[in-house]
Amino acid sequence: MAEARSSDTGNRFDENTPEGTSPKSLLPGTTISRVKLLDTMVDTFLQKLIAAGSYQRFTDCYKRFHQLQPEMTQRIYDRFITQLQTSIWEEISEIKQEGNLEAVLNALDEIVEEGKDRKEPAWRPSGIPEEDLRSTMVPYFLQQRGTLQRCVQKQEAENRQLADAVIAGRRQVEELQRQVQAQQQAWQALHREQRELLAMLREPE
């Protein structure tokens, strides 16, 4: 009975899957849009998730409750599976909307389809990948080198200004040291003169 109910749940889930796509229904060589492929991947993941969390395993975790209330256990399991499917699909839908995935994937499909009929190289003007890559990347690298050179020159100018400021500061410090030394020498000379004058005054006549 549990397996039958679990199978019914899986069938309901298949019906809710976008356009009923399934990996088993795709024939080899069949072209499928990337949007449908994404939905199919989510569908397959959920089917495997439901298979891993079968009703039998669910009841094994709640044996005592299942023995007392088997019908209630079944309803809880069905509700849990339904809510799980709904929540996952809602999350996927939000991600698709926020990232504008459907438009991006559809645009990618269009690019691939348009490129199938082209014989000439669409992205290689010269047909030689090395030259085309060089012609595209060299101007970019030259521009980056010019930007870096300007940054280096600006930094060097700032460094020169800082070096000049440091040298000027050192000169000011040296000048202050000379002034202090001169004042100290003048004070010492004045102190000697005062001592000599006091000595002269103290000598008896």
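The values are calculated or read from the model by the stated rules, or taken from the named source; none is laboratory data. Keep in mind that what you see is a predicted model, and the values were worked out from it rather than measured. Here the Cβ is made from the backbone with ideal geometry for all residues, glycine too, and neighbour counts use every protein chain on show. Just the protein is used for accessible areas: all its heavy atoms, side chains included, with ligands, DNA and RNA removed. Shrake-Rupley method; radii C 1.70, N 1.55, O 1.52, S 1.80 Å.
Determine the pairs where a residue that is under 24 Å from ARG34 (Cβ atoms), located within the stretch 109-127, has a partner that is part of a helix (DSSP H, G or I) and at pLDDT below 75 with Cβ atoms under 8 Å apart, the partner being 6 or more residues away or on another chain.
ALA122/GLY115
Per-residue answers, yes or no, for (1) surrounded by 12 or more Cβ atoms within 10 Å (Cβ to Cβ); (2) touching an Asp or Glu at 6+ places or on another chain (Cβ under 7 Å); (3) modelled with pLDDT of 80 or more:
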| position | (1), (2), (3) |
| --- | --- |
| ARG79 | no, no, yes |
| LEU84 | yes, no, yes |
| GLU91 | no, no, yes |
| LYS96 | yes, yes, yes |
| GLU102 | yes, no, yes |
| ASP109 | yes, no, yes |
| ASP117 | no, no, no |
| ALA122 | no, no, no |
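Any chance you could count how many residues in the stretch 39-65 are under 17 Å from ILE76 (Cβ atoms) and open to solvent by 50 Å² or more (accessible area, probe 1.4 Å)?
Qualifying residue count, the stretch 39-65: 8.
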